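Trainee: Sharing a structure, written as structure tokens. Questions coming.
No lab work stands behind these numbers, since they all come straight from the coordinates. This one's a predicted model, so the numbers in the text were calculated from it and none came from an experiment.
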Amino acid sequence: MLMPSTVSPGGNLHVTLAGLQASQETGDVAMALTRDFRETIQARVERDPVFREELLKEGVQCLLAGDMDVGKAILRDYIKATIGFAELSSLTEKSAKSLIRMFGPKGNPQARNLFEVLEHLQRKEGVQIQIRTIRHDRRRHSTPRQVPRFASRVA
């Protein structure tokens, strides 16, 4: 998983930057460098293909775990930082406005539309997201079943 995250009522994704945000020392005071979070994600996505792939996987994992708000927010940021809604619109033959609404805070995408978008994102990234199920021996483990982790491979 990437980093702990939450979504505010306005739909803004808040992620603990854990290492993304540097600090600068001036004298005896350490000051955190502030940078718009979306700019930070955009820059990291552009220079780090592993981070880009993990961001896509994290968005899908959140959706499957039932955390729709965070999953949609992560995928929205991923789309903005990579393919963009205009190009995604031409690939899916859905309006950019409709796609933006779909991944917005009040969006409720139909499974058909969501899977179509995920198909195009995987193609564009050159990966295939696969689900792997892990069965636990219930006699030895009393912990609840964990959410399946995902593996992706270059197509």
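Trainee: Tell me, what HN-Hα J-couplings in whole Hz come from the Karplus equation 6.51 cos²θ - 1.76 cosθ + 1.60 at θ = phi - 60° for each residue of region 114-123, using x for Gly and Pro?
Mentor: Couplings: 4, 5, 5, 4, 4, 4, 5, 5, 5, 4 Hz.
Trainee: Still on this structure, please answer the following. For a quick check: with amide H placed at 1.01 Å from N, whose amide H comes under 5 Å from Val127's, ignoring anything fewer than 5 positions away on the same chain?
Mentor: Hits under the 5 Å cutoff: Ala155.
Trainee: Straight-line reach from Lys106: which lysines have Cα under 24 Å away, leaving out those fewer than 8 places along the same chain?
Mentor: Candidates past the 8-residue exclusion: Lys57, Lys72, Lys80, Lys94, Lys97.
Trainee: Skipping prolines and chain starts, which residues have an amide H placed within reach, meaning under 5 Å, of the one on Ile83, given they are 5 or more residues away or on another chain?
Mentor: Counting only residues 5 or more places away or on other chains, the set is empty.
Trainee: Let me ask something else about it. Among the aspartates and glutamates, select those whose C-alpha is under 17 Å from the C-alpha of Lys124, and discard any that sit fewer than 8 residues away in the same chain.
Mentor: Glu46, Asp48, Glu53, Glu54, Glu58, Asp77, Glu87, Glu93, Glu116
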